[in-house]
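What follows is a single structure, written as structure tokens, with notes after it.
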Amino acid sequence: DQARLDRRSHMLRTHQRLGLITTAPLLATLIVSNQAAGRHSTASGRELHATLGGITAGMYLTTAGFAVFAPKIPGTPVRGPIRVHRALAWIHGPGMILTPILGALAYGQVSRGERVHGIAQAHSAVAAVTGVAYGLAILSVSIKF
């Protein structure tokens, strides 16, 4: 039991550290998004945005893996900030999967000289909701209530 608890603690500490580190490429991706879309977009801006987005998604999935695969301790209730954190994961988790897919669709459309259309138009909205939910998830375990 002690070995399982130690492994869980280690994995969740790693999850916390990687989660904070992942905010850097996430913020960078959001900052350069202006160079990827709109009237002032450039091919290099789109490349940079896509690269940073890919790094963010990869780091996010690695971070999530540490929480998902951490051994469970039977009979331990989930309450308080962790409940909020887990609830927000149901928003930012699918968003982190959907955002790069929609981004790839939009990137392909722009690369072919088309305007972004269809479901790809939701890329920025999904990204914004995902970013807010991710930020709130971090705040939920950073602020004691």
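The values are calculated or read from the model by the stated rules, or taken from the named source; none is laboratory data. Keep in mind that this is a model prediction, so the values were computed, not measured. Backbone-built Cβ (ideal geometry, glycine too); neighbour counts: all protein chains shown. For the accessible areas, the whole protein counts, side chains as well, though only heavy atoms, and no ligand, DNA or RNA atoms are used. Shrake-Rupley method; radii C 1.70, N 1.55, O 1.52, S 1.80 Å.
Here are the numbers:
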{"item": "Residue count for the range 24-40, restricted to those that are within 27 Å of Gly113 (Cβ to Cβ) and either open to solvent by 80 Å² or more (accessible area, probe 1.4 Å) or not polar (S, T, N, Q) (or both)", "result": "10"}
{"item": "Residue within the range 68-82 that is polar (S, T, N, Q), touching a residue at least 24 places away in the same chain (Cβ under 8 Å) and either open to solvent by 60 Å² or more (accessible area, probe 1.4 Å) or outside any helix (DSSP H, G or I) (or both) present", "result": "no"}
{"item": "Cross-chain or 6+ apart pairs with Cβ under 8 Å, the range 117-145 first and at positive phi, then surrounded by 17 or more Cβ atoms within 10 Å (Cβ to Cβ) and modelled with pLDDT of 95 or more", "result": "Gly118/Leu105"}
{"item": "Residue check for Thr63: open to solvent by less than 30 Å² (accessible area, probe 1.4 Å), modelled with pLDDT of 95 or more, over 30 Å from Leu5 (Cβ atoms) and of a type in the set (Ser, Thr, Tyr)", "result": "no"}
{"item": "Residue count for the range 94-130, restricted to those that are among the β-branched types (Val, Ile, Thr) and open to solvent by 80 Å² or more (accessible area, probe 1.4 Å)", "result": "4"}
{"item": "Sole residue being out of contact with any helix residue (DSSP H, G or I) (no Cβ under 6 Å at 6 or more places or on another chain) and not acidic (Asp, Glu), chosen from Ala120, Ala127, Ala104", "result": "Ala104"}
{"item": "Boolean, Thr51 is within 16 Å of the chain's Cα centre (by Cα), crowded, with 18+ Cβ neighbours inside 10 Å and either over 30 Å from Ala3 (Cα atoms) or at pLDDT below 95 (or both)", "result": "no"}
{"item": "Flag for Gly135 being under 19 Å from Gly65 (Cα atoms) and in contact with a Ser or Thr (Cβ under 7 Å, 6 or more places away or on another chain)", "result": "no"}
